[in-house]
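A short worksheet on the structure shown next.
The values are calculated or read from the model by the stated rules, or taken from the named source; none is laboratory data. These numbers were taken from a predicted model, which means no experiment stands behind them. A quick note on method: Cβ atoms are made from the backbone with ideal geometry, for glycine too, and the neighbour counts reach across all protein chains shown.
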Amino acid sequence: MGYLVKQPLSGLLFLMAAIMISFHSSATAIWKTEGYGYLFDLTNHMKPLVYDISDNYCFLNHFLTNEAQRDGIAIDKRTKQLDFDKLFPLNVTKLNELPKACTSSEINSFHSNSYVFNSRQVLKVVLDSFSYHYAFTKEKEINWNTLKSHWLKRVNNNTTPEELQQIIDEFLEHMGDGHAMLIDSSLNRLIHHSPRKSASEKRLQEYLAKNSEFSDISQVYRYIYGRWIRNIESYFHTNKPAKYLADNFLIAKLKGGASYFRIESFDEHETQQVMQKVTQHFNRSKGVIIDLRDSSGGSDLVALKMMSYLIAKPLRIGAKSFKTPTGMSEKKDIFVSPANVKPFVGKIIVITSHLTPSAAELFLIALKARDNVTFIGENSYGALSDALVKALPNGWGITLSNELYTDIEGQSYEFVGVPVEHVFEFPNIKDIESNKDSALEHAIKLLGEQPNRD
């Protein structure tokens, strides 16, 4: 996974859906993950339990436990790995017994009939989760002892849940992590802040102030978004209708002969079938324009599967590491192998915006490793890491970035976004009022064509 009306929940939702594979593991034991702070109690394989564990506490993660009891868990006891349908499986260690902290009442959570809300306890788990698992402590020069002391002073025995939520809101704004969210017990997002400020909201606020027919900024955004979609359609070939595929993808032929491909999300649904169709479409085109300006992110595996149709030989696209108790893990290279069809290896122009997040950004760094690709628009969102899901004692949850993705040159784009070669703002109010799309027109010209809307 918007903010304004589209925020990248996809990192959270795909982690929740993908950690639990739909069969029950035969690895009946207790397993602790390397990094990530999870402990899986599979002694009763029909009723698995998932705990959040640290040096200071161990208590049930109700989000992952609910998923585990519904769908099962896939742990290979031979390789000692947890397959969670991501780029790499998690390494796990077998324990002889459940740690005492997991069965003690040191942290009394909402599962207990005797639970009493304790704002300091909840905030302490939030801060501990970040201090143990946040991947960018070094880059941001964070002293967690100092930071914890500062924020814990904000709460006392009389702090209400509403007041605590406001304090956590301010903390997450301070952190500026694009995958850091506060969620309620039903996975509804309560708080989220962008990794950096964008000028788009100011432009939309100015437009709202000048147009009294709109009551709030969300109405303005929906209006501008609808006009933007119609403007794009004016560049399509009228004799070759555009097609929506699997609800996430739009393929169209532009009037000059190039292909236009908009990816609204990187969801698993029918991706292989979609790419087999569009690759044939691409290979009959003079070039391809991939529009990610309104993408909501999704699955990393889907992003790399799509990339496999755009290369002719195996390609290293970057590396990934994760936070451990002693620092970051060793970086592991990410490779993409070509699909078993004739790939499209021609020229690609990619259009991005500050709303292009998560798995869409992994797709971008994969494309950066490929020849014959040009990036225009705005720097992407700046939230590549998956969202690590941690439970809180009162039933809420917190997510945060515990991973580091880098491109083939070792460069990270967390917080700053993947850069572009030519800048075009999004949404562009002047374009909307002029019924055109300057970024798309520039992309068409980069393919050696002239924009045609007649």
The one condition in (1) polar (S, T, N, Q); (2) surrounded by fewer than 15 Cβ atoms within 10 Å (Cβ to Cβ); (3) in contact with a Leu (Cβ under 9 Å, 6 or more places away or on another chain) that THR160 fails to fulfil | (3)
Could you grab me the full set of residues in region 123-146 that are surrounded by 14 or more Cβ atoms within 10 Å (Cβ to Cβ), of a type outside the set (Phe, Trp, Tyr) and under 25 Å from SER321 (Cα atoms)?
-> VAL125, VAL126, LEU127, ASP128, SER129, SER131, HIS133, ALA135, THR137, ILE142
Counting only residues that are modelled with pLDDT of 90 or more and buried (at least 16 other Cβ atoms within 10 Å of the Cβ), region 99-122 contains a total of 4
For residues in region 318-348 being at pLDDT 95 or above, polar (S, T, N, Q) and assigned to a loop (DSSP other than H, G, I, E, B), which is surrounded by the most Cβ atoms within 10 Å (Cβ to Cβ)?
-> SER329
Is it the case that region 259-272 has a residue that's under 22 Å from the mean Cα position of the chain (by Cα), of a type in the set (Lys, Arg) and assigned by TED's automatic domain parsing to the domain that holds LYS368?
-> yes
